[in-house]
1. Mind checking which pairs have a first residue in the range A:183-207 that is within 14 Å of chain B (Cβ to nearest Cβ) and a second that is among the small types (Gly, Ala, Ser), Cβ under 7 Å, 6 or more apart or different chains?
2. Mind listing whichever residues of the range B:108-141 are at pLDDT 90 or above, within 23 Å of A:PRO184 (Cβ to Cβ), in a helix (DSSP H, G or I) and not hydrophobic (A, V, I, L, M, F, W, C)?
3. Residue check, B:PRO157 against (1) touching an Asp or Glu at 6+ places or on another chain (Cβ under 7 Å); (2) crowded, with 20+ Cβ neighbours inside 10 Å, all met but one. Which one?
4. How about the range B:57-80: which of its residues are more than 9 Å from every other protein chain (Cβ to nearest Cβ) and assigned to a loop (DSSP other than H, G, I, E, B)?
5. Go over the candidates B:ALA55, B:ALA23, B:ALA38 one by one and state the one that is within 27 Å of B:LYS102 (Cβ to Cβ) and surrounded by 17 or more Cβ atoms within 10 Å (Cβ to Cβ).
6. Can you find a residue in the range B:35-48 that is part of a helix (DSSP H, G or I) and within 12 Å of chain A (Cβ to nearest Cβ)?
7. Name the single residue that is farthest from A:ILE177 (Cα to Cα) among those in the range B:92-116 being away from every other protein chain (no Cβ under 14 Å) and surrounded by fewer than 14 Cβ atoms within 10 Å (Cβ to Cβ).
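The values are calculated or read from the model by the stated rules, or taken from the named source; none is laboratory data. What you see is a predicted model, and the numbers here were worked out from it, not measured in a lab. Glycine also receives a Cβ, built like all others from the backbone with ideal geometry; neighbour counts cover every protein chain displayed.
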Amino acid sequence: MSDNQKLFLKKIRLEQIIIKIVQVGIVILILGLWEYLTLKKVLNPFIFSSPSRIIKTIISLAYSGSLFEHIFTTLYEIIIAFSLGIGLGFIIAIILYECLILAKIVDPFLTMLNSLPKVALGPIIIIWAGANIKAIIIMALLINLIVSLLTIYNGFLGTDETKIKLLKSFGASKKQILKYLIIPGSKRTIISSLKLNISMTLIGVIMGEFLVSKKGIGYLIIYGTQIFNLNIVMAGIVILIILSFILYEIVKFIEKKFL
Amino acid sequence: MNNTLTIAHIKKSYYTKKGEIKAIDDINLEIKKGEIVAIVGSSGCGKSSLLGILAGIEKCHEGSFYFQNRKPVIGYMLQNDALFPWLSVYENAILGLKIQKKDTMENIAYVKKLFKTYNLDEFMNKYPHELSGGMKQRVALIRTLAIKPDILLLDEPFSALDYQSRLAISCDVFKIIKQEKITTILVSHDIAEAVSLANRVVVLSKRPCKIKKIYEINLNNDNPILNRNEKDFNLYYQQIWKDLDVNVG
(Lines give C-alpha, C1' and ligand atoms only; values in the text may rest on other atoms or scores of the structure.)
Protein backbone atom coordinates (compact mmCIF):
# COMPACT_ATOMS: atom_id res chain seq x y z
CA MET A 1 0.00 0.00 0.00
CA SER A 2 1.40 3.39 -0.96
CA ASP A 3 1.72 6.22 1.53
CA ASN A 4 -0.90 8.24 -0.29
CA GLN A 5 -3.35 5.33 -0.12
CA LYS A 6 -2.69 5.04 3.64
CA LEU A 7 -3.27 8.74 4.05
CA PHE A 8 -6.50 8.48 2.09
CA LEU A 9 -7.79 5.60 4.24
CA LYS A 10 -6.80 7.47 7.38
CA LYS A 11 -8.72 10.51 6.22
CA ILE A 12 -11.85 8.47 5.58
CA ARG A 13 -11.61 6.77 8.98
CA LEU A 14 -11.09 10.07 10.71
CA GLU A 15 -14.11 11.53 8.98
CA GLN A 16 -16.27 8.62 10.09
CA ILE A 17 -15.11 8.95 13.68
CA ILE A 18 -15.84 12.69 13.70
CA ILE A 19 -19.35 12.11 12.32
CA LYS A 20 -20.08 9.52 15.04
CA ILE A 21 -18.71 11.74 17.81
CA VAL A 22 -20.76 14.72 16.68
CA GLN A 23 -23.90 12.59 16.41
CA VAL A 24 -23.50 11.20 19.93
CA GLY A 25 -22.59 14.70 21.11
CA ILE A 26 -25.83 16.16 19.74
CA VAL A 27 -27.92 13.53 21.55
CA ILE A 28 -26.05 14.04 24.84
CA LEU A 29 -26.32 17.79 24.52
CA ILE A 30 -30.07 17.73 23.91
CA LEU A 31 -30.73 15.24 26.69
CA GLY A 32 -28.44 17.12 29.08
CA LEU A 33 -29.98 20.49 28.29
CA TRP A 34 -33.45 19.03 28.63
CA GLU A 35 -32.63 17.49 32.01
CA TYR A 36 -30.88 20.65 33.23
CA LEU A 37 -33.62 23.05 32.14
CA THR A 38 -36.37 20.99 33.76
CA LEU A 39 -34.25 20.60 36.92
CA LYS A 40 -33.87 24.38 37.10
CA LYS A 41 -37.61 24.75 36.40
CA VAL A 42 -36.93 26.81 33.27
CA LEU A 43 -39.01 24.19 31.50
CA ASN A 44 -42.01 22.90 33.38
CA PRO A 45 -41.34 19.15 33.93
CA PHE A 46 -45.06 18.57 34.26
CA ILE A 47 -45.50 19.47 30.56
CA PHE A 48 -42.06 18.66 29.19
CA SER A 49 -41.17 15.64 31.34
CA SER A 50 -37.40 14.97 31.46
CA PRO A 51 -34.95 12.24 30.46
CA SER A 52 -34.60 10.94 34.02
CA ARG A 53 -38.36 10.86 34.52
CA ILE A 54 -38.80 9.04 31.19
CA ILE A 55 -36.27 6.41 32.21
CA LYS A 56 -37.91 5.98 35.60
CA THR A 57 -41.31 5.61 33.95
CA ILE A 58 -40.01 3.01 31.52
CA ILE A 59 -38.41 1.06 34.38
CA SER A 60 -41.56 1.11 36.46
CA LEU A 61 -43.63 0.07 33.44
CA ALA A 62 -41.20 -2.76 32.89
CA TYR A 63 -41.50 -3.86 36.55
CA SER A 64 -45.26 -3.92 36.37
CA GLY A 65 -44.94 -6.07 33.23
CA SER A 66 -47.24 -3.91 31.20
CA LEU A 67 -44.38 -2.46 29.13
CA PHE A 68 -43.70 -5.71 27.34
CA GLU A 69 -47.37 -6.33 26.83
CA HIS A 70 -47.66 -2.97 25.07
CA ILE A 71 -44.58 -3.58 22.96
CA PHE A 72 -45.64 -7.09 21.97
CA THR A 73 -49.14 -5.98 21.07
CA THR A 74 -47.84 -3.27 18.78
CA LEU A 75 -45.16 -5.55 17.35
CA TYR A 76 -47.74 -8.26 16.69
CA GLU A 77 -49.98 -5.82 14.84
CA ILE A 78 -47.04 -4.52 12.83
CA ILE A 79 -45.88 -7.97 11.77
CA ILE A 80 -49.36 -9.06 10.67
CA ALA A 81 -50.13 -5.82 8.81
CA PHE A 82 -46.67 -5.77 7.25
CA SER A 83 -46.79 -9.34 5.93
CA LEU A 84 -50.36 -8.97 4.74
CA GLY A 85 -49.46 -5.73 2.97
CA ILE A 86 -46.51 -7.26 1.14
CA GLY A 87 -48.27 -10.56 0.38
CA LEU A 88 -51.51 -9.05 -0.86
CA GLY A 89 -49.64 -6.28 -2.67
CA PHE A 90 -47.58 -8.88 -4.50
CA ILE A 91 -50.57 -11.03 -5.45
CA ILE A 92 -52.71 -8.10 -6.60
CA ALA A 93 -49.76 -6.68 -8.57
CA ILE A 94 -49.45 -10.00 -10.43
CA ILE A 95 -53.18 -10.06 -11.17
CA LEU A 96 -53.09 -6.49 -12.47
CA TYR A 97 -50.01 -7.21 -14.56
CA GLU A 98 -51.56 -10.27 -16.12
CA CYS A 99 -54.90 -8.62 -16.75
CA LEU A 100 -54.26 -5.28 -18.38
CA ILE A 101 -57.92 -4.43 -18.80
CA LEU A 102 -58.49 -4.87 -15.07
CA ALA A 103 -55.51 -2.61 -14.36
CA LYS A 104 -57.01 0.07 -16.58
CA ILE A 105 -60.40 -0.30 -14.89
CA VAL A 106 -59.14 0.02 -11.33
CA ASP A 107 -56.55 2.70 -12.08
CA PRO A 108 -58.67 5.76 -11.12
CA PHE A 109 -59.96 4.01 -8.00
CA LEU A 110 -56.43 3.20 -6.88
CA THR A 111 -55.39 6.82 -7.43
CA MET A 112 -58.37 8.01 -5.41
CA LEU A 113 -57.71 5.57 -2.60
CA ASN A 114 -54.03 6.45 -2.66
CA SER A 115 -54.63 10.17 -2.26
CA LEU A 116 -57.35 9.79 0.38
CA PRO A 117 -56.07 10.35 3.94
CA LYS A 118 -56.85 6.91 5.32
CA VAL A 119 -57.42 8.15 8.89
CA ALA A 120 -60.67 9.58 7.62
CA LEU A 121 -61.88 6.02 7.25
CA GLY A 122 -60.96 5.19 10.86
CA PRO A 123 -64.41 5.65 12.38
CA ILE A 124 -66.05 3.56 9.66
CA ILE A 125 -63.50 0.80 10.09
CA ILE A 126 -64.20 0.71 13.81
CA ILE A 127 -67.93 0.41 13.20
CA TRP A 128 -67.50 -2.31 10.60
CA ALA A 129 -64.70 -4.32 12.13
CA GLY A 130 -65.40 -3.62 15.79
CA ALA A 131 -63.24 -1.83 18.32
CA ASN A 132 -60.51 -4.44 18.37
CA ILE A 133 -57.19 -5.48 16.92
CA LYS A 134 -58.85 -6.27 13.57
CA ALA A 135 -59.67 -2.60 13.09
CA ILE A 136 -56.05 -1.62 13.77
CA ILE A 137 -54.72 -4.12 11.24
CA ILE A 138 -57.22 -3.03 8.60
CA MET A 139 -56.21 0.57 9.23
CA ALA A 140 -52.52 -0.24 8.76
CA LEU A 141 -53.27 -2.41 5.76
CA LEU A 142 -55.18 0.40 4.06
CA ILE A 143 -52.14 2.59 4.40
CA ASN A 144 -49.39 0.15 3.44
CA LEU A 145 -51.16 -2.02 0.87
CA ILE A 146 -51.68 0.54 -1.87
CA VAL A 147 -48.15 1.84 -1.58
CA SER A 148 -46.54 -1.59 -1.81
CA LEU A 149 -48.99 -2.68 -4.50
CA LEU A 150 -48.14 0.29 -6.69
CA THR A 151 -44.40 -0.05 -6.08
CA ILE A 152 -44.36 -3.73 -7.00
CA TYR A 153 -46.69 -3.24 -9.97
CA ASN A 154 -44.52 -0.45 -11.37
CA GLY A 155 -41.52 -2.71 -10.89
CA PHE A 156 -43.25 -5.32 -13.05
CA LEU A 157 -44.04 -2.73 -15.71
CA GLY A 158 -40.40 -1.67 -15.81
CA THR A 159 -39.26 -5.07 -17.05
CA ASP A 160 -36.90 -4.90 -20.01
CA GLU A 161 -38.88 -5.30 -23.27
CA THR A 162 -36.12 -7.15 -25.09
CA LYS A 163 -36.02 -9.82 -22.38
CA ILE A 164 -39.76 -10.36 -22.77
CA LYS A 165 -39.27 -10.62 -26.55
CA LEU A 166 -36.52 -13.15 -26.00
CA LEU A 167 -38.73 -15.39 -23.84
CA LYS A 168 -41.60 -15.06 -26.32
CA SER A 169 -39.31 -16.16 -29.11
CA PHE A 170 -38.63 -19.30 -27.06
CA GLY A 171 -42.39 -19.78 -27.00
CA ALA A 172 -42.70 -19.05 -23.28
CA SER A 173 -46.18 -18.96 -21.76
CA LYS A 174 -47.41 -16.03 -19.67
CA LYS A 175 -46.80 -18.07 -16.53
CA GLN A 176 -43.25 -18.86 -17.59
CA ILE A 177 -42.54 -15.21 -18.35
CA LEU A 178 -43.72 -14.37 -14.84
CA LYS A 179 -41.67 -17.12 -13.24
CA TYR A 180 -38.45 -16.68 -15.17
CA LEU A 181 -38.41 -12.95 -15.77
CA ILE A 182 -40.99 -10.64 -14.19
CA ILE A 183 -40.77 -11.85 -10.59
CA PRO A 184 -37.01 -12.42 -10.28
CA GLY A 185 -36.42 -9.24 -12.26
CA SER A 186 -38.46 -7.21 -9.80
CA LYS A 187 -36.64 -8.48 -6.73
CA ARG A 188 -34.96 -5.14 -6.28
CA THR A 189 -38.18 -3.13 -6.31
CA ILE A 190 -39.96 -5.68 -4.12
CA ILE A 191 -37.26 -5.48 -1.47
CA SER A 192 -37.06 -1.70 -1.60
CA SER A 193 -40.83 -1.65 -1.18
CA LEU A 194 -40.28 -3.40 2.17
CA LYS A 195 -38.64 -0.24 3.52
CA LEU A 196 -41.54 1.91 2.45
CA ASN A 197 -43.98 -0.67 3.73
CA ILE A 198 -42.50 -0.83 7.24
CA SER A 199 -42.76 2.92 7.77
CA MET A 200 -46.29 2.97 6.36
CA THR A 201 -47.25 0.05 8.62
CA LEU A 202 -45.93 1.88 11.67
CA ILE A 203 -48.01 4.93 10.80
CA GLY A 204 -51.09 2.79 10.31
CA VAL A 205 -50.69 0.74 13.48
CA ILE A 206 -50.07 3.73 15.75
CA MET A 207 -52.93 5.61 14.13
CA GLY A 208 -55.17 2.59 14.65
CA GLU A 209 -54.10 2.34 18.28
CA PHE A 210 -54.88 6.01 18.77
CA LEU A 211 -58.41 5.35 17.58
CA VAL A 212 -59.15 2.05 19.29
CA SER A 213 -57.06 -0.01 21.63
CA LYS A 214 -56.59 -1.24 25.14
CA LYS A 215 -52.98 -2.17 24.69
CA GLY A 216 -50.01 -1.12 22.61
CA ILE A 217 -47.58 1.77 22.40
CA GLY A 218 -50.10 4.02 20.66
CA TYR A 219 -52.51 3.30 23.49
CA LEU A 220 -49.81 4.16 26.04
CA ILE A 221 -49.29 7.56 24.43
CA ILE A 222 -53.02 8.33 24.24
CA TYR A 223 -53.58 7.05 27.80
CA GLY A 224 -50.76 9.27 29.09
CA THR A 225 -52.33 12.28 27.39
CA GLN A 226 -55.75 11.56 28.85
CA ILE A 227 -54.50 11.40 32.44
CA PHE A 228 -52.09 14.23 31.66
CA ASN A 229 -49.04 12.23 32.61
CA LEU A 230 -46.42 13.47 30.15
CA ASN A 231 -43.86 11.01 31.50
CA ILE A 232 -45.91 8.15 30.09
CA VAL A 233 -46.44 9.96 26.78
CA MET A 234 -42.72 10.61 26.37
CA ALA A 235 -41.85 7.06 27.45
CA GLY A 236 -44.21 5.78 24.76
CA ILE A 237 -42.57 7.96 22.13
CA VAL A 238 -39.07 6.88 23.17
CA ILE A 239 -40.05 3.21 22.98
CA LEU A 240 -41.63 3.81 19.59
CA ILE A 241 -38.47 5.49 18.29
CA ILE A 242 -36.37 2.54 19.43
CA LEU A 243 -38.82 -0.01 18.02
CA SER A 244 -39.07 1.64 14.61
CA PHE A 245 -35.31 2.04 14.46
CA ILE A 246 -34.84 -1.69 15.14
CA LEU A 247 -37.49 -2.68 12.58
CA TYR A 248 -35.95 -0.41 9.98
CA GLU A 249 -32.53 -1.88 10.62
CA ILE A 250 -33.94 -5.41 10.22
CA VAL A 251 -35.43 -4.48 6.86
CA LYS A 252 -32.14 -2.86 5.86
CA PHE A 253 -30.35 -6.06 6.82
CA ILE A 254 -32.75 -8.10 4.68
CA GLU A 255 -32.16 -5.69 1.82
CA LYS A 256 -28.41 -6.06 2.11
CA LYS A 257 -28.65 -9.82 2.31
CA PHE A 258 -30.86 -10.30 -0.72
CA LEU A 259 -29.62 -7.63 -3.09
CA MET B 1 -36.57 -33.13 -48.65
CA ASN B 2 -37.25 -29.47 -49.10
CA ASN B 3 -34.39 -27.78 -47.35
CA THR B 4 -35.40 -24.19 -47.82
CA LEU B 5 -37.16 -21.67 -45.68
CA THR B 6 -40.11 -20.40 -47.63
CA ILE B 7 -41.65 -17.07 -46.78
CA ALA B 8 -44.88 -16.70 -48.69
CA HIS B 9 -47.07 -13.64 -49.08
CA ILE B 10 -46.49 -12.16 -45.66
CA LYS B 11 -48.50 -9.03 -44.97
CA LYS B 12 -48.78 -7.03 -41.80
CA SER B 13 -50.68 -3.96 -40.70
CA TYR B 14 -50.85 -2.03 -37.46
CA TYR B 15 -54.05 -0.47 -36.32
CA THR B 16 -54.13 2.86 -34.54
CA LYS B 17 -56.90 5.28 -33.72
CA LYS B 18 -55.89 7.37 -36.70
CA GLY B 19 -56.14 4.46 -39.06
CA GLU B 20 -54.42 1.46 -40.49
CA ILE B 21 -50.68 1.50 -41.08
CA LYS B 22 -49.49 -1.03 -43.60
CA ALA B 23 -46.08 -2.21 -42.48
CA ILE B 24 -45.39 -5.15 -44.74
CA ASP B 25 -46.85 -5.67 -48.17
CA ASP B 26 -46.48 -9.12 -49.61
CA ILE B 27 -43.00 -10.43 -48.89
CA ASN B 28 -41.92 -13.60 -50.68
CA LEU B 29 -38.53 -15.15 -50.16
CA GLU B 30 -36.82 -18.53 -50.42
CA ILE B 31 -33.75 -19.11 -48.31
CA LYS B 32 -31.52 -22.14 -48.78
CA LYS B 33 -30.15 -24.11 -45.86
CA GLY B 34 -26.94 -22.63 -44.53
CA GLU B 35 -27.42 -19.38 -46.36
CA ILE B 36 -27.00 -16.01 -44.69
CA VAL B 37 -29.48 -13.45 -45.93
CA ALA B 38 -29.25 -9.84 -44.83
CA ILE B 39 -32.27 -7.59 -44.94
CA VAL B 40 -31.63 -3.88 -45.16
CA GLY B 41 -34.07 -1.03 -45.35
CA SER B 42 -34.55 2.48 -44.11
CA SER B 43 -35.49 2.79 -40.47
CA GLY B 44 -39.13 2.13 -39.68
CA CYS B 45 -39.68 0.29 -42.95
CA GLY B 46 -40.98 -2.81 -41.25
CA LYS B 47 -37.93 -5.03 -41.34
CA SER B 48 -38.02 -5.62 -37.61
CA SER B 49 -41.72 -6.47 -37.88
CA LEU B 50 -40.85 -9.12 -40.44
CA LEU B 51 -38.34 -10.62 -38.05
CA GLY B 52 -40.86 -10.38 -35.21
CA ILE B 53 -43.33 -12.38 -37.28
CA LEU B 54 -40.78 -15.06 -38.07
CA ALA B 55 -39.80 -15.18 -34.38
CA GLY B 56 -43.40 -15.76 -33.38
CA ILE B 57 -43.57 -12.57 -31.34
CA GLU B 58 -45.89 -10.76 -33.71
CA LYS B 59 -48.83 -12.14 -35.63
CA CYS B 60 -49.10 -11.69 -39.34
CA HIS B 61 -52.44 -11.14 -40.96
CA GLU B 62 -51.75 -12.97 -44.14
CA GLY B 63 -49.16 -15.34 -45.47
CA SER B 64 -47.07 -18.07 -43.97
CA PHE B 65 -43.57 -19.40 -43.63
CA TYR B 66 -42.36 -22.94 -43.37
CA PHE B 67 -39.19 -24.98 -43.33
CA GLN B 68 -39.10 -28.59 -44.50
CA ASN B 69 -42.89 -28.33 -44.69
CA ARG B 70 -43.24 -27.52 -40.99
CA LYS B 71 -42.96 -24.62 -38.62
CA PRO B 72 -39.25 -23.98 -38.05
CA VAL B 73 -37.51 -23.85 -34.69
CA ILE B 74 -36.41 -20.24 -34.42
CA GLY B 75 -33.39 -18.83 -32.65
CA TYR B 76 -33.74 -15.12 -32.11
CA MET B 77 -30.88 -12.79 -31.25
CA LEU B 78 -31.82 -9.32 -30.20
CA GLN B 79 -30.21 -5.93 -30.27
CA ASN B 80 -28.57 -6.50 -26.93
CA ASP B 81 -27.52 -9.70 -25.24
CA ALA B 82 -30.61 -9.71 -22.96
CA LEU B 83 -28.81 -11.91 -20.45
CA PHE B 84 -30.57 -12.15 -17.09
CA PRO B 85 -28.26 -10.61 -14.49
CA TRP B 86 -29.57 -12.81 -11.66
CA LEU B 87 -28.75 -16.06 -13.48
CA SER B 88 -25.27 -17.47 -13.94
CA VAL B 89 -23.86 -17.60 -17.44
CA TYR B 90 -24.65 -21.31 -17.63
CA GLU B 91 -28.22 -20.86 -16.39
CA ASN B 92 -28.67 -18.12 -18.97
CA ALA B 93 -27.47 -20.42 -21.70
CA ILE B 94 -29.99 -23.16 -20.89
CA LEU B 95 -32.90 -20.76 -20.42
CA GLY B 96 -34.45 -21.58 -23.80
CA LEU B 97 -34.13 -25.31 -23.18
CA LYS B 98 -35.80 -24.94 -19.79
CA ILE B 99 -38.70 -22.95 -21.18
CA GLN B 100 -39.25 -25.44 -23.97
CA LYS B 101 -38.82 -28.26 -21.42
CA LYS B 102 -36.03 -29.74 -23.49
CA ASP B 103 -33.33 -29.64 -20.81
CA THR B 104 -32.41 -33.26 -21.33
CA MET B 105 -28.99 -34.72 -20.56
CA GLU B 106 -28.21 -34.77 -24.24
CA ASN B 107 -29.07 -31.13 -24.86
CA ILE B 108 -27.23 -30.00 -21.76
CA ALA B 109 -24.15 -31.88 -22.89
CA TYR B 110 -24.49 -30.04 -26.20
CA VAL B 111 -24.57 -26.69 -24.40
CA LYS B 112 -21.47 -27.61 -22.43
CA LYS B 113 -19.77 -28.56 -25.65
CA LEU B 114 -20.65 -25.16 -27.11
CA PHE B 115 -19.11 -23.48 -24.07
CA LYS B 116 -15.90 -25.44 -24.69
CA THR B 117 -15.90 -24.68 -28.40
CA TYR B 118 -16.16 -20.96 -27.78
CA ASN B 119 -13.64 -20.93 -24.95
CA LEU B 120 -16.15 -19.92 -22.33
CA ASP B 121 -16.20 -23.06 -20.18
CA GLU B 122 -14.22 -21.35 -17.42
CA PHE B 123 -16.91 -18.70 -17.15
CA MET B 124 -19.97 -20.95 -16.88
CA ASN B 125 -20.49 -20.23 -13.20
CA LYS B 126 -19.78 -16.53 -13.43
CA TYR B 127 -22.48 -13.90 -13.72
CA PRO B 128 -23.06 -11.76 -16.83
CA HIS B 129 -21.69 -8.57 -15.23
CA GLU B 130 -18.33 -10.29 -14.82
CA LEU B 131 -18.00 -10.80 -18.59
CA SER B 132 -16.90 -8.45 -21.36
CA GLY B 133 -19.41 -7.24 -23.93
CA GLY B 134 -18.09 -9.63 -26.55
CA MET B 135 -18.24 -12.61 -24.19
CA LYS B 136 -21.82 -11.76 -23.29
CA GLN B 137 -22.74 -11.77 -26.97
CA ARG B 138 -21.19 -15.20 -27.34
CA VAL B 139 -23.18 -16.47 -24.34
CA ALA B 140 -26.31 -15.05 -25.98
CA LEU B 141 -25.39 -16.95 -29.11
CA ILE B 142 -24.90 -20.19 -27.16
CA ARG B 143 -28.32 -19.63 -25.56
CA THR B 144 -29.77 -19.30 -29.06
CA LEU B 145 -27.92 -22.30 -30.48
CA ALA B 146 -28.86 -24.48 -27.49
CA ILE B 147 -32.37 -25.02 -28.80
CA LYS B 148 -30.89 -26.19 -32.12
CA PRO B 149 -32.71 -23.69 -34.31
CA ASP B 150 -33.46 -24.33 -37.97
CA ILE B 151 -33.36 -20.62 -38.59
CA LEU B 152 -31.31 -17.99 -36.82
CA LEU B 153 -32.71 -14.48 -36.72
CA LEU B 154 -30.35 -11.63 -35.94
CA ASP B 155 -32.10 -8.35 -35.24
CA GLU B 156 -29.52 -5.58 -35.55
CA PRO B 157 -27.24 -7.70 -33.45
CA PHE B 158 -24.26 -6.14 -31.70
CA SER B 159 -25.61 -2.65 -32.29
CA ALA B 160 -25.12 -2.03 -28.58
CA LEU B 161 -21.39 -2.66 -28.93
CA ASP B 162 -18.62 -0.26 -29.90
CA TYR B 163 -17.27 -0.48 -33.44
CA GLN B 164 -14.17 -2.54 -32.63
CA SER B 165 -15.92 -5.25 -30.64
CA ARG B 166 -18.71 -5.19 -33.16
CA LEU B 167 -16.37 -6.20 -35.97
CA ALA B 168 -14.74 -8.85 -33.84
CA ILE B 169 -18.01 -10.35 -32.65
CA SER B 170 -19.68 -10.35 -36.03
CA CYS B 171 -16.62 -12.17 -37.33
CA ASP B 172 -16.93 -14.68 -34.48
CA VAL B 173 -20.62 -15.19 -35.05
CA PHE B 174 -20.08 -15.54 -38.78
CA LYS B 175 -17.63 -18.39 -38.23
CA ILE B 176 -19.97 -20.12 -35.84
CA ILE B 177 -22.92 -19.84 -38.20
CA LYS B 178 -20.85 -21.23 -41.07
CA GLN B 179 -19.52 -24.04 -38.91
CA GLU B 180 -22.97 -25.09 -37.69
CA LYS B 181 -24.46 -24.46 -41.18
CA ILE B 182 -27.42 -22.57 -39.81
CA THR B 183 -29.78 -20.71 -42.10
CA THR B 184 -29.61 -17.10 -40.99
CA ILE B 185 -31.59 -13.96 -41.53
CA LEU B 186 -29.85 -10.79 -40.46
CA VAL B 187 -31.62 -7.49 -40.19
CA SER B 188 -29.35 -4.47 -40.18
CA HIS B 189 -29.30 -0.81 -40.98
CA ASP B 190 -25.55 -1.07 -41.48
CA ILE B 191 -24.97 -1.76 -45.18
CA ALA B 192 -21.31 -2.62 -44.66
CA GLU B 193 -22.21 -5.22 -42.06
CA ALA B 194 -24.84 -6.70 -44.34
CA VAL B 195 -22.57 -6.93 -47.37
CA SER B 196 -19.62 -8.32 -45.46
CA LEU B 197 -21.60 -11.09 -43.74
CA ALA B 198 -24.30 -12.19 -46.14
CA ASN B 199 -24.61 -14.41 -49.20
CA ARG B 200 -27.53 -12.32 -50.35
CA VAL B 201 -28.70 -8.87 -49.42
CA VAL B 202 -32.39 -8.10 -49.68
CA VAL B 203 -33.21 -4.42 -50.00
CA LEU B 204 -36.63 -3.40 -48.78
CA SER B 205 -38.58 -0.40 -49.96
CA LYS B 206 -40.03 2.20 -47.65
CA ARG B 207 -43.23 1.44 -45.74
CA PRO B 208 -45.23 -0.57 -46.56
CA CYS B 209 -42.17 -2.63 -47.34
CA LYS B 210 -41.78 -4.80 -50.39
CA ILE B 211 -38.69 -6.43 -51.73
CA LYS B 212 -37.03 -3.86 -53.91
CA LYS B 213 -33.95 -5.74 -55.00
CA ILE B 214 -31.94 -8.78 -54.13
CA TYR B 215 -28.15 -8.84 -54.46
CA GLU B 216 -26.08 -12.00 -54.71
CA ILE B 217 -22.90 -11.13 -52.85
CA ASN B 218 -19.82 -12.75 -54.31
CA LEU B 219 -16.99 -11.94 -51.99
CA ASN B 220 -14.91 -15.04 -51.65
CA ASN B 221 -13.44 -14.70 -48.23
CA ASP B 222 -14.55 -16.71 -45.26
CA ASN B 223 -13.81 -13.73 -43.13
CA PRO B 224 -16.18 -10.76 -43.02
CA ILE B 225 -13.43 -8.35 -42.04
CA LEU B 226 -11.37 -9.30 -45.10
CA ASN B 227 -14.51 -9.06 -47.19
CA ARG B 228 -14.55 -5.38 -46.49
CA ASN B 229 -11.24 -5.00 -48.34
CA GLU B 230 -12.45 -6.63 -51.56
CA LYS B 231 -12.77 -4.54 -54.69
CA ASP B 232 -16.45 -5.34 -55.18
CA PHE B 233 -17.38 -4.48 -51.62
CA ASN B 234 -17.64 -0.79 -52.37
CA LEU B 235 -19.65 -1.43 -55.53
CA TYR B 236 -22.25 -3.35 -53.57
CA TYR B 237 -22.18 -0.75 -50.87
CA GLN B 238 -22.79 2.15 -53.23
CA GLN B 239 -25.48 0.34 -55.18
CA ILE B 240 -27.42 -0.57 -52.04
CA TRP B 241 -26.98 2.91 -50.65
CA LYS B 242 -28.61 4.26 -53.82
CA ASP B 243 -31.42 1.73 -53.57
CA LEU B 244 -32.18 2.76 -50.03
CA ASP B 245 -32.85 6.25 -51.31
CA VAL B 246 -31.80 7.91 -48.09
CA ASN B 247 -32.29 11.62 -47.90
CA VAL B 248 -29.18 13.19 -46.46
CA GLY B 249 -29.20 16.78 -45.30
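1. Close Cβ pairs satisfying both conditions: A:SER186/A:GLY155; A:THR189/A:GLY155; A:ILE190/A:GLY155.
2. Hits for the range B:108-141 are B:PRO128, B:HIS129, B:GLU130.
3. (1)
4. B:GLU58, B:LYS59, B:CYS60, B:HIS61, B:GLN68, B:ASN69, B:LYS71, B:PRO72, B:VAL73
5. Numbers: B:ALA23 fails: within 27 Å of B:LYS102 (Cβ to Cβ); B:ALA38 fails: within 27 Å of B:LYS102 (Cβ to Cβ).
Sole residue among the options that is within 27 Å of B:LYS102 (Cβ to Cβ) and surrounded by 17 or more Cβ atoms within 10 Å (Cβ to Cβ): B:ALA55.
6. Within the range B:35-48, the subset part of a helix (DSSP H, G or I) is B:47-48.
Add one more test, that the residue is within 12 Å of chain A (Cβ to nearest Cβ), and what stays is B:48.
Within the range B:35-48 (the criterion being part of a helix (DSSP H, G or I) and within 12 Å of chain A (Cβ to nearest Cβ)), the answer is yes, since at least one residue qualifies.
7. Ranking the candidates gives B:LYS116 first.
Residue by residue, here is whether (1) part of a helix (DSSP H, G or I); (2) touching a residue at least 40 places away in the same chain (Cβ under 8 Å) holds:
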{"position": "B:VAL203", "(1), (2)": "no, yes"}
{"position": "B:LYS206", "(1), (2)": "no, yes"}
{"position": "B:ASN218", "(1), (2)": "no, no"}
{"position": "B:ILE225", "(1), (2)": "yes, yes"}
{"position": "B:ASN229", "(1), (2)": "no, no"}
{"position": "B:ASP232", "(1), (2)": "yes, no"}
{"position": "B:LEU235", "(1), (2)": "yes, no"}
{"position": "B:GLN238", "(1), (2)": "yes, no"}
{"position": "B:ASP243", "(1), (2)": "yes, yes"}
